[in-house]
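First the structure, in the form of structure tokens, and then the observations on it.
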Amino acid sequence: YNLSCITTLPHYQGRGAGKFLIDVSYEMSRRCGTSGSPEKPLSDLGERTYRGYWHEKLMEAIVANEAAGTSFSTESLARQTGIAPTDIVATLPVSYTHLRAHETPEHLVCRLLLEKKKK
């Protein structure tokens with residue numbers, strides 16, 4: 001596991017503190033050259049937060065790979081993101097379907113992701 005428990009006090013919930021802690025834990029995994037996963041089972045809020053984080057990071061990695069014209073696999077995405085392959089497999093079908101649905105003019109995907117970051 002890359003992180004056993006995250007506790008975000010109620011007055012910090014919804015302000016990005018949980019995602020920040022998740023990002024720090026995955027950055028540590030990447031720096032150690034490994035992938036990680038949270039300790040399971042996750043709470044309802046924890047699962048929602050992790051799935052949102054995984055979706056965002058996987059979409060960024062997929063768009064970067066496709067823009068560079070490089071192929072990618074579950075293992076390469078795990079190395080790039082620090083997310084465990086089992087979590088990628090659980091997240092990717094939904095995420096990649098979402099990406100493909102918005103891919104028809106090629107630049108629309110990138111625009112959607114950039115606009116999401118601005119908000």
Of all residues making up the stretch 1-47, the number that are surrounded by 15 or more Cβ atoms within 10 Å (Cβ to Cβ) and of a type in the set (Val, Ile, Thr): 3
The stretch 24-47 residues that are among the charged types (D, E, K, R), paired with ones that are assigned to a loop (DSSP other than H, G, I, E, B) (beta carbon under 8 Å, 6 or more apart): Glu27/Gly82; Arg30/Gly82; Glu39/Tyr1; Glu39/Ser4; Glu39/Cys5
Selection status of Ile22, of a type in the set (A, V, I, L, M) and within 12 Å of the chain's Cα centre (by Cα): yes
Counted residues, the stretch 1-19 - those being assigned to a loop (DSSP other than H, G, I, E, B) and within 17 Å of the chain's Cα centre (by Cα): 4
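Just so you know, all these numbers are worked out from the coordinates, no wet-lab data involved. This one's a predicted model, so the numbers in the text were calculated from it and none came from an experiment. All Cβ positions, even for glycine, are placed from backbone atoms using ideal geometry, and neighbour counts span all protein chains on display.
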